[in-house]
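Following: one structure in structure tokens, then a few remarks.
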Amino acid sequence: MFNMIFVILEQLLLHLPLMVGAYVSFALLKVPDLSIESAYVVGAIAGSYALVGMSNIPMAVLILIIIGASFIGGALVGLVSSLLTQKGKFPHLLSSIVAFGLFHGINQFISPAYMSLGTTQNPLTLFDAIPQHPELIMLALIGCCIMGMLYFLFKTQIGYAYAVYGNNPQFFKNYGISTSFVFISGVMLANALAGISGYMFAQSNNFVELNMGLGKALLCITALILGKGIVRIKKPFTLALPMVGTAAYFTLQQLLLKVGFNLKYFTAVQALLVLCILLYTYHTQPQRPVNDNLGV
Amino acid sequence: MKKMIILSLAGILGALILYFTLPYMRKPESPVGQLRIAIFTPTTHPALEEIEQGFTYTLQQLNTKSYAFTTFNANGNKTLLRAQAEELVSGNYDLIFTIGAGCSQTVAELLHKKGITTPHVFCAVDSREFAQSLQDSNKSTTGVYVKVDYKPEMDMLHKLKPDTKNIVLVYDPLHGTGLEKYKKEIEEYIKKYGITLHAVEVYQANEIQQKIAALIPTMDVVLVLTDNTVVSGIDAIIVLCNRYGVTLLASDLPSGKKGAALAYGITEYESGSSAAHIADTILVQGKNPHEIPIRAITNFRVEINRDTMKLQNVQLDEAVLKEYNQ
Amino acid sequence: MRINNLSFKFDNKQKNTNYFFKGLSVEFKPHTVHFIQGDNGVGKSTLFTLLQGMNDKNSFLDMSVSLDGVLYTAIHNRLPDTFTQQVHTVQQNYDCMLANQFTFMQNLQLANLPLYPRLRPLPRATLLDIVASLGIDVNKPVALLSGGQRQFLALLMALQKPTKLLLLDEPTATLDKKNAQLIMQLLPQLAEKLQVTILIICHDKELVDTYAQGNSFFMRELENGTRIVEVM
């Protein structure tokens, strides 16, 4: 039982930056930002190369450098896709698909299709006090730092601006506020967080694979919808939503595994559950915002 | 300004396309005496690289012919696999060598459809029926297959770890020709040892950790079949098995080198080498591929990884090793 | 405030197109409310677009504007940012100016955001005394406010940043009589208090007659296709 709880915690912490990033782009900015899948992989590659290239540095400093590298790697993907949207005037769905394609090629150019991290030290095991879960403490530390910073960010002007963008993208031009700045910084932040999550996931699994980002957008949307169904807070935005949604997703997954459920049908069961939550949510809250096309 | 940016991007894109496709646009012809061989592999993996090495090295050793090998790698992408198959089938090669069920089936089908008679040798197919169906589907196809039988592997496991009660099988049901039949075979077979099989289906390598992390501590052995999806994520399973002291039994030898305490499989090099002998018969002796019956690879080995065996709770037993590695 | 020699064409690239405005000059008393009337499509909203600097870059514009003693001249077919930054508009569709998931007070604060929002708390709202006099619950989400209250909010949001010229396009079109009168009573107070010149496009003759106090203009189209603005 305890082991299951630890596993849920670990998966939650590994995916939390990705979920919060998806929350910023899908739920706050309300854009279909598929480039987070690419940012996930680019962040993993950037972090892994930083790890391999700077193995002589003390681990406590190395982890900061690696997190920084994966943050920058993810942010780069966000920069490309958001620039295409704002300056090229393309729909963001198209921009994110183009960015995905571009970085797929770039990833293949700079990295092999599969890279094992088994021969390098694992910075996530710096505080390995919990037996059989040596990465948990470091993951919790990273998670708390990121959530703390984001909690602060969402109380500032830029945090509010992200939520306003999703509520009314036309808002800013009436008051001399740069819409481009808000959008580009928001998408970059979302993708940067996905990059951090990508590195942590790759390190925990001990390999980087170029296709490891596939399907993450769907996972994010599912978790955010679950979170929206569970969390009933009246504020326009809250960090509790992605946290609760992620926790619910992995708890559901592990419970199904625990009871011996045939995992072949896991995706179908998940889809049914999400449908039920959507029906219930939309039934009890009939007035959705006008531009709430994504439902998250 | 915007027009200049668009024109510049279009120019760069055009230059890149030309750079990468110009070499392929001329229909290549072999220099006099040199034989052009296309090698088609589904993804990057040490096991597949060993097969390729076994094939190319053996072929070059068998005679004094000069060979030019071109490798096509689908990188795990099924759309790319189809596109590359189209490319190499029309590429005027002297022989096509394919690794794995997906590549082999696609190439055989295309050769048949287009009426192209390029000789085709396949390898790393795990079912006799499937291998025979490949040969039947196209007149210029033949190859080697692995006579997969997990029963000796389970017997070996029982000899090494007789107190095993629970095995978790991690597999991709959609791999190759479908692994369900092997799962059922193993499940039935190990009942006689009082072992229960727990199956965990994964469809992508990045799902492995989430799906098995909670289950592993209650298991005695983790079993992995010859399954590209799971094998490509074997590092994640090795980490968990080392952490929880659970034995990892892999059905391919390269995974043993990576860190699986127990590995039972064929030498991939030998698989490629066997295919090279067939290729030599076709290219040098001029035999029709259809007249060469498909061959089975049957010499399996057991390897114990001495670095991880203690972590994964495996005792070295020379008698068992000797029995299986004759 | 004075508009001098305004000449404007929508598309400068096409030859032989008529001028929309040609040599138009009009003077408005400073820090007062002025009404502009005219038939639909005559160009009232176009004039507002030009004053905001939001005309298309392919158009032709030649004009100068004198505002509170400073002269601004159009450069590259657009009024300079030094002028347009002092001009704010309340659109007919005022809901597009609001963030309806946030409260009344938060909207006022959001209207005060700088060009590039920063890692600092939301700026303070201004005109809180006027807000208090309206008797609106400032902690209520905008989505739950009435049409009139949202109109007031849009007006106050437009005035959060330093403004010298306020443009209102049909501010009372969607309001009932009572709220329309409230807005009209409030505007002169704002004009005097904040030293703002206010131009209003309004088709309601009764409101214009009641509140114009001699500051009423009529825009009409001439036979040659250009427009003039006459004092009524």
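The values are calculated or read from the model by the stated rules, or taken from the named source; none is laboratory data. In this text, all values refer to a predicted model and were calculated from it rather than measured experimentally. Using ideal geometry, Cβ is built from the backbone for each residue, glycine included, and neighbour counts are taken over all protein chains shown.
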>> Given the criteria more than 14 Å from every other protein chain (Cβ to nearest Cβ) and either at pLDDT 85 or above or within 30 Å of C:ASN4 (Cβ to Cβ) (or both), does C:LEU167 qualify?
In response: no
> When you go through A:ILE5, A:ILE36, A:ILE72 one by one, which is the residue that is in contact with a helix residue (DSSP H, G or I) (Cβ under 6 Å, 6 or more places away or on another chain) and part of a helix (DSSP H, G or I)?
Replying inline: A:ILE36
>> What's the number of the only condition in (1) more than 13 Å from chain B (Cβ to nearest Cβ); (2) touching a helix residue (DSSP H, G or I) at 6+ places or on another chain (Cβ under 6 Å); (3) at pLDDT below 90 that A:ARG232 fails to meet?
In response: (2)
> If you check B:VAL168, B:VAL221, which single one turns out to be within 12 Å of chain A (Cβ to nearest Cβ) and hydrophobic (A, V, I, L, M, F, W, C)?
Replying inline: B:VAL168
>> Out of everything in region C:60-107 that is among the aromatic types (Phe, Trp, Tyr), under 19 Å from the mean Cα position of the chain (by Cα) and farther than 22 Å from A:ALA163 by Cβ, what residue ends up being surrounded by the fewest Cβ atoms within 10 Å (Cβ to Cβ)?
In response: C:TYR72
> Say we look at region B:279-292 and pick out the residues that are among the charged types (D, E, K, R) and not in a loop (DSSP other than H, G, I, E, B); which of these is nearest to the other protein chains (Cβ to nearest Cβ)?
Replying inline: B:ASP280
>> Going residue by residue through region C:151-162, is there one that turns out to be out of contact with any helix residue (DSSP H, G or I) (no Cβ under 8 Å at 6 or more places or on another chain), touching a residue at least 60 places away in the same chain (Cβ under 8 Å), within 14 Å of chain A (Cβ to nearest Cβ) and outside any helix (DSSP H, G or I)?
In response: yes
> Any idea how many residues of region A:75-103 are more than 15 Å from A:VAL31 (Cβ to Cβ) and outside any helix (DSSP H, G or I)?
Replying inline: 1
> Cβ-Cβ below 6 Å, separation at least six or inter-chain, first residue in region A:95-120 and in contact (Cβ under 8 Å) with a residue 60 or more places away in the chain, second in a loop (DSSP other than H, G, I, E, B) and among the β-branched types (Val, Ile, Thr): which pairs?
Replying inline: A:ALA113/B:THR44; A:TYR114/B:THR44
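Please state which one of A:GLN121, A:GLN170, A:GLN157 is surrounded by fewer than 16 Cβ atoms within 10 Å (Cβ to Cβ) and facing another protein chain (nearest Cβ under 7 Å).
Selected residue: A:GLN170, the only one of A:GLN121, A:GLN170, A:GLN157 that is surrounded by fewer than 16 Cβ atoms within 10 Å (Cβ to Cβ) and facing another protein chain (nearest Cβ under 7 Å).
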> Can you find a residue in region C:92-107 that is closer than 24 Å to C:ARG124 by Cα, within 14 Å of another protein chain (Cβ to nearest Cβ) and touching a Phe, Trp or Tyr at 6+ places or on another chain (Cβ under 6 Å)?
Replying inline: yes
>> Out of the residues in region B:192-202 meeting the condition of being in contact (Cβ under 8 Å) with a residue 12 or more places away in the chain and more than 26 Å from the chain's Cα centre (by Cα), tell me which one is surrounded by the most Cβ atoms within 10 Å (Cβ to Cβ).
In response: B:ILE195
> Among (1) crowded, with 18+ Cβ neighbours inside 10 Å; (2) within 12 Å of chain B (Cβ to nearest Cβ); (3) closer than 30 Å to B:ALA10 by Cα, which single condition is A:LEU136 missing?
Replying inline: (3)
> Using beta carbons and a limit of 7 Å, which pairs, at least six apart or on different chains, have the first residue in region C:54-78 and among the aromatic types (Phe, Trp, Tyr) and the second one surrounded by fewer than 12 Cβ atoms within 10 Å (Cβ to Cβ)?
Replying inline: C:TYR72/C:THR82
>> Being closer than 28 Å to B:ARG301 by Cα and either surrounded by fewer than 21 Cβ atoms within 10 Å (Cβ to Cβ) or out of contact with any Pro (no Cβ under 9 Å at 6 or more places or on another chain) (or both) is the requirement here; does B:LEU157 meet it?
In response: yes
>> Can you find, within region B:160-186, the residue that is surrounded by the most Cβ atoms within 10 Å (Cβ to Cβ) among those that are of a type in the set (D, E, K, R) and either outside the structural domain of B:LEU225 (by TED's automatic domain parsing) or more than 18 Å from B:ASP126 (Cβ to Cβ) (or both)?
In response: B:LYS161
> So which residues in region B:38-81 are polar (S, T, N, Q) and outside any strand (DSSP E or B)?
Replying inline: B:THR43, B:THR44, B:GLN53, B:THR56, B:THR58, B:GLN60, B:GLN61, B:ASN63, B:THR64, B:ASN75, B:ASN77, B:THR79
>> Quick check on region A:176-187. Is at least one of its residues within 14 Å of chain B (Cβ to nearest Cβ), part of a helix (DSSP H, G or I) and either touching a residue at least 24 places away in the same chain (Cβ under 8 Å) or more than 30 Å from C:THR103 (Cβ to Cβ) (or both)?
In response: no
>> Could you check region C:108-128 and list, in sequence order, the residues that are within 8 Å of chain A (Cβ to nearest Cβ), surrounded by 19 or more Cβ atoms within 10 Å (Cβ to Cβ) and either among the hydroxyl-bearing types (Ser, Thr, Tyr) or not in a helix (DSSP H, G or I) (or both)?
In response: C:LEU113, C:PRO117, C:LEU122
> What are the pairs, 6+ residues apart or on separate chains, where a residue within region B:238-260 that is within 14 Å of another protein chain (Cβ to nearest Cβ) has its Cβ under 6 Å from a residue that is charged (D, E, K, R)?
Replying inline: B:GLY256/B:GLU303
> So which residues in region B:67-91 are at pLDDT 90 or above and of a type in the set (Gly, Ala, Ser), if there are any at all?
Replying inline: B:ALA68
> Can you find a residue in region B:170-179 that is β-branched (Val, Ile, Thr) and touching a His at 6+ places or on another chain (Cβ under 8 Å)?
Replying inline: no
